[in-house]
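Worksheet for the structure shown next.
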Amino acid sequence: MMSLLADIPFSLLELAPMREDATVSSTLQGSLAYAQHAESLGFNRFWLAEHHNMPGIICSATSILIGFIPNQPEDPCFRASPCFQY
């Protein structure tokens, strides 16, 4: 029997890209809105990438992102989690 897409736990990976005309604050707000929208769409998890030496992204400060994006969403199964690159 073929599984339905609704039965597959999808996740998103956030890099927190910052536009040239943006501020860190507006980028954090955008990441928060992205996480909230992902939760409302039924995504299972919202991963926060940690990459260093990449211009234009703020995800090298994962501790700031995870502190900013609430870890107590409406759905107790939805969590923001760090995703470290080794």
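The values are calculated or read from the model by the stated rules, or taken from the named source; none is laboratory data. Note that the structure is a prediction, hence the values are computed from the model and not measured. Heads up, the Cβs are rebuilt from the backbone with ideal geometry, glycines too, and the neighbour counts pull from every protein chain shown. Keep in mind that these areas ignore ligands, DNA and RNA; they rest on the heavy atoms of the full protein, side chains included. Shrake-Rupley method; radii C 1.70, N 1.55, O 1.52, S 1.80 Å.
Of note:
- Amide H contacts under 5 Å for L48, placed H, 5+ residues apart: E14, S81, C83
- Among 23-32, 6-15, sorting by the average number of other beta carbon atoms lying within 10 angstrom of each residue, highest first, gives 23-32, 6-15.
- Within the accessible surface of the stretch 23-69, defined with a 1.4 Å probe on protein heavy atoms only, the carbon and sulfur portion equals 59 percent.
- M54 contributes about 90 Å² of solvent-accessible surface, heavy atoms of the protein only, 1.4 Å probe.
- Accessible surface of I64 - all protein chains present, 1.4 Å probe, nearest 10 Å²: 100 Å²
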